[in-house]
1. Going through region 1-49 one residue at a time, which ones are under 17 Å from residue 85 (Cβ atoms) and in contact with a Gly (Cβ under 6 Å, 6 or more places away or on another chain)?
2. Which one of these is in a helix (DSSP H, G or I), touching a strand residue (DSSP E or B) at 6+ places or on another chain (Cβ under 6 Å), without any contact (Cβ under 8 Å) to a residue 40 or more places away in the chain and not small (Gly, Ala, Ser): 101, 85?
3. Return the total of residues in region 14-35 being part of a helix (DSSP H, G or I) and either crowded, with 16+ Cβ neighbours inside 10 Å or over 14 Å from the mean Cα position of the chain (by Cα) (or both).
4. Just name the residue that is nearest to residue 13 (Cα to Cα) out of those in region 88-98 that are without any contact (Cβ under 8 Å) to a residue 40 or more places away in the chain and not in a helix (DSSP H, G or I).
5. Give all pairs with beta carbons closer than 6 Å in which a residue from region 10-26 that is more than 22 Å from residue 89 (Cβ to Cβ) meets a residue that is surrounded by 17 or more Cβ atoms within 10 Å (Cβ to Cβ); count only pairs at least 6 apart in sequence or on separate chains.
6. Given the residues 77, 72, which is the only one that is part of a loop (DSSP other than H, G, I, E, B) and at pLDDT 95 or above?
7. Contact list please: Cβ distance under 6 Å, first residue in region 44-73 and more than 15 Å from residue 13 (Cα to Cα), second residue surrounded by 17 or more Cβ atoms within 10 Å (Cβ to Cβ) and of a type in the set (Phe, Trp, Tyr), pairs at least six apart or on different chains.
Amino acid sequence: MANIGNVTDSEFQASVLGSDTPVLVDFWAEWCGPCHMVSPEVEAIGNETAGLEVAKMNVDENPDTTRKYGVLSIPSLILFKGGEEVARVVGARPKEAILKELQPHLA
């Protein structure tokens, strides 16, 4: 997995939108129980999916990007490819359900 780790508002353009490979961004918050539940699922997807980068964005610390992409519920997973949003998964779901949404955009 190419994990770019935590990403901030100031790094988002270069790290996510400017990436040559698809980037799955996990929008989360420390106080969000479901976010902690889905985090291992996201890590597993990143570890098992070739050609995918994974980044985490704390919504409390990065309101600009959160607002720009209309993240109203967390956890929200947004897949960016070629600088554009191509898929979004909202809520805690098992790995298989997340992959089902992402797979058409990773082929």
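The values are calculated or read from the model by the stated rules, or taken from the named source; none is laboratory data. All values derive from a computational prediction rather than experimental measurement. In this analysis, Cβ positions are derived from the backbone assuming ideal geometry, glycine residues included, and neighbour counts consider all displayed protein chains.
1. If the condition is that a residue be under 17 Å from residue 85 (Cβ atoms) and in contact with a Gly (Cβ under 6 Å, 6 or more places away or on another chain), then 17, 21 are the ones that fit.
2. Working: 85 fails: in a helix (DSSP H, G or I).
That would be 101, the only listed residue that is in a helix (DSSP H, G or I), touching a strand residue (DSSP E or B) at 6+ places or on another chain (Cβ under 6 Å), without any contact (Cβ under 8 Å) to a residue 40 or more places away in the chain and not small (Gly, Ala, Ser).
3. The number of residues fulfilling the criteria is 6.
4. By that ranking, first place goes to 88.
5. none
6. Exactly one of 77, 72 is part of a loop (DSSP other than H, G, I, E, B) and at pLDDT 95 or above, namely 72.
7. Qualifying pairs under 6 Å: 59/27; 71/27.
Let's see how each residue does on (1) closer than 21 Å to residue 105 by Cβ; (2) buried (at least 21 other Cβ atoms within 10 Å of the Cβ); (3) aliphatic (A, V, I, L, M); (4) in contact with an Asp or Glu (Cβ under 8 Å, 6 or more places away or on another chain):
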site	(1), (2), (3), (4)
37	no, no, yes, no
42	yes, yes, yes, yes
53	yes, yes, no, no
57	yes, yes, yes, yes
